[in-house]
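The values are calculated or read from the model by the stated rules, or taken from the named source; none is laboratory data. Because the structure is a prediction, the values reported are computed rather than measured. Backbone-built Cβ (ideal geometry, glycine too); neighbour counts: all protein chains shown. When the accessible area is computed, the model is the full protein with side chains, heavy atoms only, and any ligands, DNA or RNA have been set aside. Shrake-Rupley method; radii C 1.70, N 1.55, O 1.52, S 1.80 Å.
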Amino acid sequence: MTAATRSRLDRLVFLGPATALLMLFYVLPVIVDVAIAFTDMGRNLEVTRVTTENVARIFGGDRRLAQVLTNTLVYVVCTLTLFNVGYALLLALTTTALPDRAGAFFRSVWLLPRMSPSVVYALLWTWVVAPTEYGLLNQIVAGIGMPPLDLKSDAPMLVVVLANGFIGASFGMIIFTSAIRSIPQHLFYAARADGANGLQIVRHVTLPQIRWHLSFVTLYQALSLLVSFEYIWLITDGGPFYDTTVWALYVYQRAFTSGQYAYGAALALVLVAAGIVAALVLWRFFDMRALLQRPRIEVS
Amino acid sequence: MATVELDKVEKRFGEVVALEPVDLAIRSGEFLAILGPSGCGKSTTLFLLAGIYAPSAGEIRFDGVRINEIEAKDRNVGIVFQSYALYPHMTVAQNIGFPLRLKRVPIDESKRRVEAIARLVRVEELLDRKPAQLSGGQQQRVALARALVKEPQLLLLDEPLSNLDAGLRLAMRGEIRRLQRELGVTTVLVTHDQIEAVTMADRIVCMSKGRIEQIGTADDLYARPASLFVASFLGSPPINLVEGTAEDGAVRLGERSFAANGSGPLPQRVVVGIRPEAIRLGEGPIRGRILDGEPHGREWIWLVESEVGALRVVEPGAAPRHRAGEQVVLGWSESLLFDAADERRLQMPGPVPS
């Protein structure tokens, strides 16, 4: 075997499996989705004509889309900033400041939702915000002598953001904790000797040192939230009316609940495009390229 | 510039005693070195002075005022760490100016002071660089500038030279000493390197296992060590320690007996310390045989098997005057005498062959 064929074979062996999986599960579905989006496919999977009706419907025909779009933005931005990044950072900062054992305990508590099955977790939230006096929240509310609340009807988006945020914060918490732990201890000592108080140390030492981790978690979680809907589906099913229906859930409802496969495919296409745009914008904004430069291992 | 006092200061981490109750007084403007091996409590002492650790017991005073409860940020202490601990995301100017920024010093004044101190440590050309773009020696100077810019009442140096190569270390030793004299700032240097301590400091505190073994000038520690530990920690090559017994006013080492030089009772078991440079080869009553020799540039170090035991001998001169296997006679002009039981030095001169 010559060196050239050998090298070509190596490339195939090393890149082949990953490329095949990428094509099968990421690129191919997008192609299929594009193809279906321009047909009139329904539940019976029959295609009778090729049409741009679905796209036209998105840009004008569907009056619900404005609300769905607003819901999606509120859901993604609030969950991301308040919980997946903001609260995760707060947890990481506080639990690393605590003694090791106490810190590990609180981190485990916040990690618990991740370990429970989605349906169980969603049911727990249904029970927490249940409008009767048996709901956990209402038991507390009754304890301080207030009338029972019905959050699921009165503030459904709040419930959705809380439920997603409580589980979503753990991801950032883990990443930020390990990032904070890897900052050399002497930097903190130096900052204290230089006259910095706790908050100033966070602002001038900790945050700049975990900048890349903040960027990564923001980018990754923004994209995850954009396409996630399982907890919304399980807790409110997008209701009441369309008050908590986000784009991804709407795609699911149109395609599988109403059987409008083609329209669902067209809606999904918008999500794909939005995801790509969001990824590129955030990539540029955080200058992630600089993070990925400079390989640490030399490959010949 | 401050005087610093440690009054029975103690530090425990849970069950572990890092520092046994320690008394220490540092004069205003003094350059004090704390010398000892790893784990002797020297860095703990430094962190106690900085306010990074709080003492478990005792009192620390700056200028006579108790500062136990004052946090690191309010102590006005400058530290240079072994790793330099520069903030990687800040430029050199921002690093040096950081303490001033925290004190809300006006920007133009801060800029002026940063530039002045940068000139003093000779990094004025590097103000716009990031720490990663600097050499070890440059980072070291920047760390020094950052520690000095707020005009601290106490400067703490934690093994500041151990990450530098030999040439640079020599240069920085002189540099730090020059700066300290110019500014007159009370300085505490923590090091495990006797050369650093001896060349830079006015006084040396020698520590071992969380205790102060001796405080004194380099000459005190070298010529009049308080204990076996101090005697063996200072000096290169290390002092020869020969175990012996004492009876009827005579000290017995190996096969030879020596008249004790002083009056007073001797303990039964003693250790005699003989500096390698105090031994003369070729003159004296002790017989021995050369085992091995090492060239050290301007001198040779010989390992000799003698009647009193194995001895290391320093002999000046670049050319070897002996060879392995050769029979020699030797003697020494002075020695130190220690009690083998408590390892303290006895207040009398050690035995000398006549």
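Rounded to the nearest 0.05, what FRET efficiency is calculated for B:ARG66 and A:TRP283 with R0 set to 41 Å and r the Cβ-Cβ distance? Before the final figure, lay out each step's value.
Numbers: r = 55 Å, r/R0 = 1.34.
Working from the Cβ atoms, E equals 0.15.
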- Message: I'd like the orientation of helix B:166-183 relative to chain B: the angle between its Cα long axis and the longest Cα principal axis, in ° from 0 to 90, rounded to 10.
- Response: 60
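Using the crude model of +1 on Lys and Arg Cβ and -1 on Asp and Glu Cβ, and no other charge, please compute the dipole size for region A:75-165 relative to its Cα centre, in debye to 20. Walk me through the numbers on the way to the answer.
Numbers: 4 positive and 4 negative charges, 62 e Å.
The dipole of region A:75-165 has a size of about 300 debye.
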- Query: For the charge dipole of region A:67-291, defined by +1 on Lys and Arg C-beta atoms and -1 on Asp and Glu C-beta atoms about the Cα centroid, which residue among A:PRO208, A:LEU98, A:GLN260 has the Cα displaced farthest towards the positive pole?
  - Reply: A:PRO208
- Note on the structure: Looking at region B:83-118, residues buried by 30 Å² or more relative to their chain on its own, accessible surface at probe 1.4 Å, turn out to be B:ALA85, B:TYR87, B:PRO88, B:HIS89, B:PHE98, B:ARG101, B:LEU102
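Let me know the Kirkwood hydrodynamic radius for region B:49-105, please, with Cα pairs as the basis and the value in Å to one decimal. If you can, show how the numbers build up before the last one.
On the way: mean 1/r = 0.0751 Å⁻¹.
Value: 13.3 Å, from the Cα pair sum.
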- Query: Which residues make up the longest stretch of chain A that has no chymotrypsin sites (Phe, Trp or Tyr not before Pro) in a DSSP loop with at most 11 other Cβ atoms within 10 Å?
  - Reply: A:1-133
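Expressed as a whole percentage, what fraction of the accessible surface of the protein assembly as shown belongs to carbon and sulfur atoms when a 1.4 Å probe is rolled over the protein heavy atoms? Please report the intermediate quantities before stating the final value.
On the way: 19750 of 33500 Å².
Percent of accessible area from carbon and sulfur atoms in the protein assembly as shown: 59.
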- Whole-percent tail of the Cα-Cα distance distribution for region B:1-49, cut at 15 Å, equals 49
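From the square roots a ≥ b ≥ c of the eigenvalues of the alpha-carbon gyration tensor of region A:9-127, which class results: rounded (a/c under 1.5), prolate (a/b over b/c), or oblate? Don't skip to the end; give the middle numbers.
Details: a/c = 2.70, a/b = 1.54, b/c = 1.75.
Oblate, since a/c reaches 1.5 and b/c is not below a/b.
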- State to the nearest 20 debye the size of the charge dipole of region A:67-291 about its Cα centre, where the only charges are +1 on K and R beta carbons and -1 on D and E beta carbons. 720
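Determine by what factor the alpha-carbon radius of gyration of chain A differs from 2.2 N^0.38 Å, reporting the quotient.
Numbers: Rg = 23.9 Å, N = 300, 2.2 N^0.38 = 19.2 Å.
For chain A, the normalised Cα radius of gyration comes out at 1.24.
Give, in nm to one decimal, the length gained when the segment between A:THR81 and A:TYR242 is fully stretched (0.36 nm per residue of separation minus the Cα-Cα distance). Write out the running numbers ahead of the final one.
Working: separation 161, 0.36 × 161 = 57.96 nm, distance 2.34 nm.
Result: 55.6 nm gained on full extension.
For region B:1-54, which GluC sites (Glu not before Pro) are in a loop by DSSP, counting at most 13 other Cβ atoms within 10 Å?
Numbers: sites: B:GLU5, B:GLU10, B:GLU15, B:GLU30; in loops: B:GLU15, B:GLU30.
Of the GluC sites (Glu not before Pro), the ones in loops of region B:1-54 whose Cβ has at most 13 other Cβ atoms within 10 Å are B:GLU15.
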- Query: So what's the convex hull volume per residue for the Cα atoms of region B:225-278, in Å³?
  - Reply: 95
- Message: As I understand it, the dipole of region B:151-298 uses +1 on the Cβ of Lys and Arg and -1 on the Cβ of Asp and Glu, about the Cα centre. Which of B:GLY297, B:VAL271, B:ILE195 lies farthest toward its positive end?
- Response: B:VAL271
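Please list the helices of chain A that count as membrane-span-like by this rule: a mean Kyte-Doolittle hydropathy of at least 0.0 together with Cα atoms stretching 27 Å or more along the helix axis, each helix being a complete DSSP H run.
On the way: long enough: A:3-22 (28 Å, 0.60); A:156-181 (37 Å, 1.64); A:261-286 (37 Å, 1.98).
What comes out of the filter, once short or polar helices are dropped, is A:3-22, A:156-181, A:261-286.
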- For labels at B:SER135 and A:ALA97 in the simple 7 Å Cα→Cβ model, what's the distance in nm? 4.2
- Where N is the number of residues in region B:274-353, Cα Rg divided by 2.2 N^0.38 Å: 1.17
- Any idea what the relative contact order of chain B is, in percent, if you count C-alpha pairs under 8 Å spaced at least 6 apart? 16
- Message: Suppose each label sits 7 Å from its Cα in the direction of the beta carbon; what would the A:SER182-A:LEU28 distance come out to in nanometres?
- Response: 3.6
- Accessible area in square angstrom per residue, the protein assembly as shown, 1.4 angstrom probe: 51
- Task: Would you work out if region B:4-109 is rounded, prolate or oblate? Take a ≥ b ≥ c from the square roots of the eigenvalues of the alpha-carbon gyration tensor; rounded if a/c is under 1.5, else prolate when a/b is larger than b/c, oblate otherwise.
- Result: prolate
- Label-point gap, in nm, between B:GLU20 and B:LEU291 - each point 7 angstrom along Cα→Cβ: 3.3
- Message: Pick from B:ASP158, B:ASP202, B:ASP108 the residue whose mean-square fluctuation is largest in a GNM of chain B, springs joining Cα atoms under 10 Å.
- Response: B:ASP108
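Expected output is a single nm value to one decimal: the length gained when fully extending between B:GLU59 and B:GLN347, i.e. 0.36 nm times separation in residues minus the C-alpha distance. What is it? Mind showing how you got there, number by number?
Numbers: separation 288, 0.36 × 288 = 103.68 nm, distance 3.26 nm.
That works out to 100.4 nm of additional length.
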- Task: Under 9 Å from the Cβ of B:ARG289, count the other residues' Cβ atoms, weight Lys and Arg +1, Asp and Glu -1, and hand me the total.
- Result: -1
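From the mean inverse distance of alpha carbon pairs (Kirkwood) and the Cα radius of gyration, derive Rg over Rh for the protein assembly as shown. Mind showing how you got there, number by number?
Values: Rg = 37.1 Å, Rh = 31.8 Å.
That ratio is 1.17, to two decimals.
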- If one takes the accessible area of chain B alone plus chain A alone and subtracts that of the pair, with a 1.4 Å probe, what total in Å², rounded to the nearest 100, results? 1800
- Note on the structure: Most fluctuating of B:LEU234, B:LEU281, B:LEU161 in the GNM of chain B (C-alpha, under 10 Å) is B:LEU281
- Task: At a Cα cut-off below 13 Å, give the aspartates and glutamates reachable from B:LYS8, other chains included and same-chain residues fewer than 8 away excluded.
- Result: B:GLU20, B:ASP23, B:GLU59
- Message: Suppose we keep just the alpha-carbon trace of chain B; what are its Rg and Dmax in angstrom?
- Response: 24.4, 78
- Candidates A:ARG63, A:ARG107, A:ARG11: whichever shows maximal mean-square fluctuation once chain A is modelled as a Gaussian network with Cα springs under 10 Å: A:ARG11
- Item | Under 18 Å from the Cα of B:LYS150 - lysines, other chains or at least 8 residues apart | B:LYS73, B:LYS103, B:LYS111
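Considering Cα pairs under 8 angstrom that are at least six residues apart, work out the relative contact order of region A:67-291 and quote it in whole percent.
Details: 244 pairs, mean separation 60.9, N = 225.
The value is 27 percent.
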- Along the dipole axis of the protein assembly as shown (charges at Cβ: +1 for Lys and Arg, -1 for Asp and Glu; origin at the Cα centre), the most positive-end residue among B:SER110, B:ILE67, A:LEU249 is A:LEU249
- Give the value in nm², to one decimal: projected area of the alpha carbon convex hull of region B:50-205, averaged over all directions. 9.8
- Leaving out ligands, DNA and RNA but keeping every protein chain, what accessible area does B:ILE215 have, in Å² rounded to the nearest 10, with a 1.4 Å probe? 70
- Unit Cα scatterers, Debye sum, region A:178-300: log10 I(q)/I(0) for q = 0.13, 0.14, 0.23 Å⁻¹: -0.76, -0.81, -1.24
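Run the dipole for the protein assembly as shown about the Cα centre, Lys and Arg Cβ at +1, Asp and Glu Cβ at -1, nothing else charged, and hand back the magnitude in debye, nearest 20. Don't skip to the answer; put the middle values down first.
On the way: 65 positive and 63 negative charges, 333 e Å.
That gives a dipole near 1600 debye.
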